[in-house]
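The values are calculated or read from the model by the stated rules, or taken from the named source; none is laboratory data. Keep in mind that what you see is a predicted model, and the values were worked out from it rather than measured. FYI the Cβ positions are ideal-geometry reconstructions off the backbone, even for glycines, and counts take in every protein chain you see. The protein model used for the area step is the full one, side chains on, heavy atoms only, and it has no ligands, DNA or RNA in it. Shrake-Rupley method; radii C 1.70, N 1.55, O 1.52, S 1.80 Å.
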Amino acid sequence: MKNLILIRHAKSSWDAPLKDIDRPLSQRGIGDAHITSNAVDGYLPKTFIVWSSPAKRAKETAMIYAQNLSIPLETIIYKEDLYTFDERSLEKTIKDCENKYDNLILFGHNEAITNFVNKFGDCYIDNVPTSGFVSLKFEEEDWKNIQKGKVLKTIFPRQLKS
């Protein structure tokens, strides 16, 4: 069985004229990442590998989660392939995960995350928002063979603020 947790980076800032990959989190994004990371503890597997897009906003989101969940920063693997907005590219990267890892936590970008969840999950999600957390379970033993999985949990900032 394989478990995948997809986390969309928190809201980024558009204040400075930077390249897309260099955009940092906004103040709201920092707050939302803290809110969601503090709410997910009970939904994480005991052991896992953490991957992140190298984009500044994804890295900063991963660092906030790491800080709040006691994940050693040096264990986060930054993968160039995760700086993508295309679900086929995201799918290929996920399916390349080594099978010795049953649990993968991934920090990435939309449209890739929402489209991946709708292709591989068992329920439709209109949009995984910034700081959104989606946990999927697959019955397959090999990442390359993952098919339709089950969405176990979604945690979105809006749910936690109301």
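With θ taken as phi - 60° and the Karplus curve 6.51 cos²θ - 1.76 cosθ + 1.60 applied, the whole-hertz 3J(HN,Hα) list for the range 88-95 is 5, 5, 4, 4, 4, 5, 4, 5 Hz, x standing for glycine and proline. Per-residue extension of 0.36 nm, minus the Cα-Cα distance of residue 158 and residue 85, leaves a gain of 24.0 nm for this segment. Other residues with beta-carbon under 9 Å from the beta-carbon of residue 103 carry, at +1 per Lys or Arg and -1 per Asp or Glu, a net charge of +1. Put simply, the amide H of residue 84, placed in the peptide plane, has neighbours under 5 Å in 109, leaving out anything fewer than 5 places away on its chain.
Which of 129, 77, 114 sits farthest toward the positive end of the charge dipole of the range 51-162, with +1 on the Cβ of Lys and Arg and -1 on the Cβ of Asp and Glu? Projecting each Cα onto the dipole axis, the largest value belongs to 129.
Protein heavy-atom surface of the range 1-125, 1.4 angstrom probe: 51% of the accessible area is carbon and sulfur, with nucleic acids and ligands not counted. Taking all protein chains into account, the per residue accessible area for the chain stands at 50 Å² (1.4 Å probe).
Relative to the Cα centre, the charge distribution of the chain, modelled as +1 at Lys and Arg Cβ and -1 at Asp and Glu Cβ, gives a dipole magnitude of about 340 debye.
Looking at the square roots a ≥ b ≥ c of the eigenvalues of the Cα gyration tensor of the range 11-75, which shape do they give, rounded for a/c under 1.5, prolate if a/b is larger than b/c, or oblate?
Working: a/c = 3.09, a/b = 1.69, b/c = 1.82.
Here the range 11-75 falls in the oblate category.
Distant-in-sequence amide contacts of residue 78, defined by a placed amide H-H separation under 5 Å and a gap of 5 or more residues or a different chain, comprise 52. Here is the link list: 92/153; 19/100; 11/79; 2/119; 46/153; 59/153. Which ones come out longer than 26 Å on Cα distance? Distance filter (> 26 Å) returns 19/100.
Just order 14-26, 85-97, 36-48, 105-117 by mean Cβ neighbour count inside 10 Å, highest at the front, would you? Each step should come with its number before you reach the end.
Working: 14-26: 12.6, 85-97: 16.4, 36-48: 14.3, 105-117: 22.9.
Those peptides, ordered most packed to least, come out 105-117, 85-97, 36-48, 14-26.
If both residues of a DSSP beta bridge must be in the chain, then about 50% of such bridges are antiparallel. Per-residue ellipticity at 222 nm, computed for the chain from helices alone with -39500 (n - 2.57) per DSSP H run of at least four residues, works out to -9000 deg cm²/dmol.
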